[in-house]
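Quick notes on the structure that follows.
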Amino acid sequence: MVLRGRSAAMSAAMPALRRAARHGQSGIVVVTGEAGIGKTAVLDAIGAQAGQMGFRTGVGKADEIGRVSPGAPVLLALRSGRDPLLDPAALAELDGLADHPLVLIDRVGTRLERVARLAPVLIEIDDVQWADQLSRLALRVLPDRLAGNPVVWLFATRDPTDELVTASTAVRTEIIPLGPLAPTDVAAIARDRLGHPASPATQRMLDGVGGNPFLVNQILDGVSHGDADGVPPAGFVRAVEAALDALPDRTVVLLAAVLGRSFAIDEAQRIVPTVGTADVDAAVASGLLARDGHRLRFRHDLVRETVYAGLSTSARQELHRRCARYLLSSGRDALAAAPHAQAAATPGDEESAAILCEAADKAVTALPDTAGDLILQAFALVRPAQGSWVGIGERCVDVLHRVQRCADAVRVADAVLARTGDAETYGRIQVLAAQSLWQIGRPAESVARIDDALAAPGVSPGLQARLRAARALALTRTEPARRARAAAESALADARQVRDHPATMLALQAMGELARNSGHHAESLAYFRELRSVSDTTYLAEEIVELQLLDRYVDSGRLLEAAHRDDRGGVEATLPSVTAAQMWQDFNLGRLDDAEAGARTLITVGREIGDHKHELDAELVFGAVAVLRGELADAANRLAPASDEGPADESVRRPGVTLMEGWLAASDGRSDDARKILAPLLYEARDARADWPWWPGWMRVFVRVGRATGDERFTGEALAIAAEGAARNPGVASFEGVSLALRGLVRHDLAALTQANQVLARSPRPMLRGNAAEDRGRMLLAYGKRAEGIAELDRAWSIYHGIGAKAAVITVQKVMRKAGARRARWETGAARPQQGWAALTDAEVKVAELISDGHTNKAAARLLNLSPNTVSTHLRSIFTKLDVQSRVQLTNAVHALRPES
């Protein structure tokens with residue numbers, strides 16, 4: 001229902017405020033409507049009411065000019081007013097995190113959670129249709145992150161289809177669409193303002209503005225001030241123009257329109273020195289501008305938009321150019337100046353192009369989409385005949401590669417390469433293009449380009465080393481490992497000899513990729529550690545995963561714990577790659593609930609920031625958890641998004657999806673289908689350009705399929721690859737134990753299976769230990785050793801049950817019952833309830849108990865060695881299962897529902 005009037009809108013917003021103040025529930029209120037309809041007045045009224053109810057309030061506003069300033073509206077809301085939500089120290093910390101958007105959002109969430117423990121909080125953001133990329137990300141993520149806290153989010157937008165209107169799935173959202181005033185309301189306002197009914201001429205004018213409250217008031221203001229009665233509605237624009245014409249000097253008003261925000265009077269005088277105090281006084285007296293202390297602003301956005309639209313092109317460009325120069329000279333960064341440089345730009349404008357280049361560099365981490373757009377605009381401004389064209393083109397390729405707009409990077413590279421004859425420039429750009437081609441799965445073209453650049457005369461030794469290193473990296477996906485390794489080793493030696501840092505990084509990455517893809521995990525770990533030593537946190541996740549593959553879960557856990565600790569700044573913990581590493585840590589150690597929650601978090605983050613590789617990993621883990629729980633239909637549904645053609649390259653997407661499809665078919669009893677699905681992967685495993693063959697556990701799936709279908713070749717190949725994995729990772733219990741177990745299983749060798757169980761006792765991975773115990777127990781039964789076999793199967797049952805691998809539990813207990821085993825407790829096979837305490841997983845119970853004891857998300861995450869985002873994911877599920885909407889309600893539910901034990 002469209003609402004008319006401030007009182008009706010207030011009534012619609014009050015339930016959300018009451019739920020927060022009385023019951024500690026979070027909420028979202030979105031006010032929508034066209035410009036001038038009264039959204040800001042409604043927000044102000046709701047904010048005033050919230051203040052009277054004891055809310056701590058923060059107010060921010062997005063604007064069209066400043067939309068490339070990362071996080072500006074959100075940060076403004078945190079620092080606004082006499083009693084800011086955050087203290088100066090916290091605000092200073094946040095100001096330094098614009099280059100780390102996920103960290104910034106995490107810190108804001110943590111700080112707001114602390115504030116909300118003391119009083120309900122209202123975050124008010126006006127004009128969110130203009131919000132920058134980082135602010136929009138924050139406003140999508142934070143409401144769900146803070147679900148259950150007394151935090152109300154109040155947005156105003158002109159766009160009723162804005163994604164922020166429906167972004168949250170965990171927080172109740174109230175939509176307040178503001179409509180025009182009814183004719184009776186307009187007539188009543190006119191009577192109240194004029195002291196008598198509007199004249200026929202004024203009434204015709206009022207009828208023509210469609211009930212827009214701002215325009216109604218503008219018309220009535222004019223009549224009240226003695227303006228000519230009966231000016232047509234379109235006269236609003238002419239009235240603004242007339243007010244401008246009446247000024248002795250309109251410069252300050254035009255400057256205000258270009259700045260697009262409130263500004264200090266002395267700031268205006270520094271931008272345009274001719275602006276005087278008398279000019280400011282005249283602009284305020286005209287009603288065009290309003291004065292707030294020493295600052296000036298437009299009385300309404302519609303006036304600013306009207307003034308701006310009336311500017312001539314040359315005047316608008318000149319004022320924007322002055323604003324850009326002023327911001328840079330006053331110490332502001334290029335991102336702040338970029339909107340003005342964009343508006344001032346003309347073809348061949350090297351000054352604006354330089355500003356846009358600097359802004360793009362600044363935006364790469366926090367606003368990757370914006371960075372790509374800015375650098376493309378910079379390149380489009382300059383002309384091939386200008387001296388800066390090639391340099392800006394090279395910067396353009398570099399930025400586009402860094403923000404993973406690889407197709408654009410290659411396109412721009414080709415345009416620049418066609419016009420440059422300098423061998424050094426040609427080679428540098430080809431290196432960047434080659435890296436982009438490698439990322440999008442076109443390594444053969446990458447090699448061809450590099451060979452072309454290497455053949456050019458006059459290439460410096462440093463650039464030659466960089467080209468050879470990029471070539472070696474491409475070869476990891478095009479050549480057999482032996483040839484690719486020789487190229488990478490040679491490239492690394494050359495890079496180190498000439499001391500070229502980019503060449504060294506590329507060559508080390510190539511060596512790390514090769515070692516990982518060939519299953520030499522200790523070697524891969526050494527290369528990624530060296531890479532991290534010279535690149536800070538970039539390769540932390542690769543190091544963690546290699547430690548996991550070497551069974552060094554204590555060490556990988558320490559790195560993950562350090563990544564989450566505040567004294568390390570928390571930057572690493574928010575990287576999607578580290579979130580993925582935590583997910584694999586949980587999955588491999590049998591913490592399936594936490595792995596599933598981590599996967600949910602990673603899917604959300606991946607979709608928000610366009611990280612499709614890690615989003616794919618999360619979807620696969622999601623499916624794997626469902627298979628282990630015996631939820632095969634659910635697993636198939638979870639696998640469907642990963643199976644669809646998506647943004648991730650086929651070479652990245654296909655192996656993992658195929659493995660999961662084959663495992664799902666095998667688990668469903670469709671062994672022949674599984675063999676057909678998996679055979680191409682298996683027979684190409686030794687030459688695979690991915691690392692899947694060298695993850696312990698996969699070969700048991702292949703051996704199981706081979707034995708079920710009677711395919712000895714298939715079984716033998718899987719057995720041989722398992723043995724190679726053990727040989728390449730000596731002393732690693734998971735690799736050696738799996739190889740021994742599979743050999744014993746295929747050859748009916750009880751001694752080998754017994755030895756495998758002894759070796760796997762040192763493995764931290766419970767699923768591998770359970771598999772080996774199950775296989776040995778079955779063989780003992782087959783050899784007539786019933787008591788020993790049942791005991792071993794009982795051990796497998798306990799391992800599977802402990803990690804929640806319900807499918808394996810049910811399979812094992814069928815064998816045990818057939819053998820006449822008795823147990824005090826069997827798995828029933830019944831599905832977990834959907835609601836109530838019994839519906840909670842073990843991980844959710846731990847989170848519920850900690851939160852109900854008063855811990856914040858961050859504190860609970862630290863105690864459970866999880867990320868705060870994963871705790872938030874658990875918490876949203878807990879709220880749904882226990883049918884609560886706040887932490888207060890959760891605490892009551894925990895005390896009421898938790899079993900006495």
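Give the Rg/Rh ratio for the chain, taking Rg as the radius of gyration of the Cα atoms and Rh as the Kirkwood radius, to two decimals. List each step's numbers first, then the result.
Values: Rg = 32.6 Å, Rh = 31.3 Å.
Radius of gyration over Kirkwood radius for the chain works out to 1.04.
Sorted largest first, the principal axis extents computed over the alpha-carbon atoms of the stretch 453-533 equal 39, 28, 13 Å. When only alpha carbons are used to place a centre, the stretch 416-467 and the stretch 759-777 end up 50 Å from one another.
Scoring 671-679, 292-300 by mean Cβ neighbours within 10 Å over their residues and listing the highest first yields 671-679, 292-300.
Using a 1.4 Å probe on the protein heavy atoms, what percent of the accessible area of the stretch 730-788 belongs to carbon and sulfur? Heavy-atom surface of the stretch 730-788 belonging to carbon and sulfur, 1.4 Å probe: 51 percent.
Taken over the stretch 741-879, the convex hull of the Cα atoms encloses 133 Å³ per residue.
Would you please calculate the Kirkwood hydrodynamic radius of the stretch 654-750 over all C-alpha pairs and express it in Å, rounded to one decimal? Kindly include the intermediate steps, with their values, before the conclusion.
Values: mean 1/r = 0.0753 Å⁻¹.
Every distinct Cα pair counted, the radius reaches 13.3 Å.
Check cross-link reach from LYS846 to the lysines: straight Cα distance under 28 Å, and skip same-chain residues fewer than eight apart. Correct list for LYS846: LYS806, LYS858, LYS881.
With all protein chains present, how much of the accessible area of the stretch 351-405 (probe radius 1.4 Å) comes from carbon and sulfur, to the nearest whole percent?
Details: 990 of 1990 Å².
Ligands and nucleic acids excluded, carbon and sulfur give 50 percent.
How much of the DSSP bridge set in the chain is antiparallel, in percent, rounded to the nearest 5?
Numbers: 7 of 30 bridges.
Approximately 25 percent, going by the DSSP bridge assignments.
Per the Debye calculation on the stretch 847-901 with a single equal scatterer at every Cα and no solvent contribution, log₁₀ I(q)/I(0) for q = 0.17, 0.20, 0.32 Å⁻¹ amounts to -0.48, -0.66, -1.29.
The distance separating the Cα centre of the stretch 482-509 from that of the stretch 809-879 comes to 48 Å.
Given all pairs of different Cα atoms, what value in angstroms does the Kirkwood hydrodynamic radius of the stretch 322-442 take? Before the final figure, lay out each step's value.
Values: mean 1/r = 0.0694 Å⁻¹.
Computed over Cα pairs of the stretch 322-442, the Kirkwood hydrodynamic radius comes out at 14.4 Å.
Taking the alpha carbon gyration tensor of the stretch 710-757, multiplying each eigenvalue by 5 and rooting it gives semi-axes of 18, 14, 5 Å, largest first. For the stretch 421-464, the Cα-based Rg and Dmax, in that order, read 10.2, 30 Å. Taken one residue at a time, the phi angles of the stretch 336-345 give Karplus couplings (6.51, -1.76, 1.60, θ = phi - 60°) of 5, 7, 4, x, 6, 5, 4, 6, 7, 5 Hz. Gly and Pro are set to x.
The rule of thumb for compact globular proteins, 2.2 N^0.38 Å, goes into the C-alpha radius of gyration of the stretch 294-393 1.17 times. By the equivalent-ellipsoid construction on the alpha carbon gyration tensor, the stretch 797-898 comes out with semi-axes of 33, 15, 11 Å, ordered largest to smallest.
Over all pairs of distinct alpha carbons, what does the Kirkwood formula give as the hydrodynamic radius of the stretch 96-180, in Å? Intermediate results must be reported in sequence, preceding the final value.
Working: mean 1/r = 0.0729 Å⁻¹.
Result for the stretch 96-180, one decimal place: 13.7 Å.
Per residue, the stretch 647-722 exposes 42 Å² of solvent-accessible protein surface, assessed with a 1.4 angstrom probe and all protein chains in place.
Could you give the Stokes-Einstein D for the stretch 334-374 in µm² per second, using the C-alpha Kirkwood radius, 20 °C, 1.002 mPa s?
On the way: Rh = 9.9 Å.
For the chosen part, D equals 217 µm²/s.
For the peptides 700-710, 683-693, what is the packing order when you average, over each peptide's residues, the other Cβ atoms within 10 Å and list the highest mean first? Don't skip to the answer; put the middle values down first.
On the way: 700-710: 20.4, 683-693: 16.8.
Ranked by mean Cβ neighbours within 10 Å, highest first: 700-710, 683-693.
Working ranking of peptides 800-810, 489-499 by packing, defined as the average number of other Cβ atoms within 10 Å per residue, highest first, is 800-810, 489-499. By the helix-only formula, in which each DSSP H run with n ≥ 4 contributes -39500 (n - 2.57) and the sum is divided by residues, the chain has a 222 nm mean residue ellipticity of -21000 deg cm²/dmol. For the stretch 471-530, the solvent-accessible area of protein heavy atoms averages 42 Å² per residue (probe radius 1.4 Å; ligands and nucleic acids excluded).
Could you tell me what % of all Cα pairs in the stretch 81-145 have separations over 21 Å? Spell out each step's value before the answer.
Values: 499 of 2080 pairs.
Above the 21 Å cut-off, the stretch 81-145 has 24 percent of its Cα pairs.
A Cα-only calculation for the stretch 21-139 places Rg and Dmax at 14.2, 39 Å. For the stretch 368-431, what D do you get in µm² per second when you plug the Kirkwood radius from alpha-carbon pairs into Stokes-Einstein at 10 °C and 1.306 mPa s? D, rounded to a whole number, is 138 µm²/s. Applied to the stretch 701-716, the Karplus parametrisation 6.51 cos²θ - 1.76 cosθ + 1.60 on θ = phi - 60° returns per-residue 3J(HN,Hα) values of 4, 5, 4, 4, 5, x, 5, 5, 9, x, 8, 5, 5, 4, 4, x Hz, with x for Gly and Pro. Computed on the chain, with alpha-carbon pairs under 8 angstrom and 6+ residues apart, the relative contact order is 8 percent.
The values are calculated or read from the model by the stated rules, or taken from the named source; none is laboratory data. What you see is a predicted model; the values in this text were computed from it and never measured. Neighbour counts run over all protein chains shown; Cβ positions are idealised from the backbone, glycine included. To get the accessible areas, we keep the full protein, side chains included, count just its heavy atoms, and leave off ligands, DNA and RNA. Shrake-Rupley method; radii C 1.70, N 1.55, O 1.52, S 1.80 Å.
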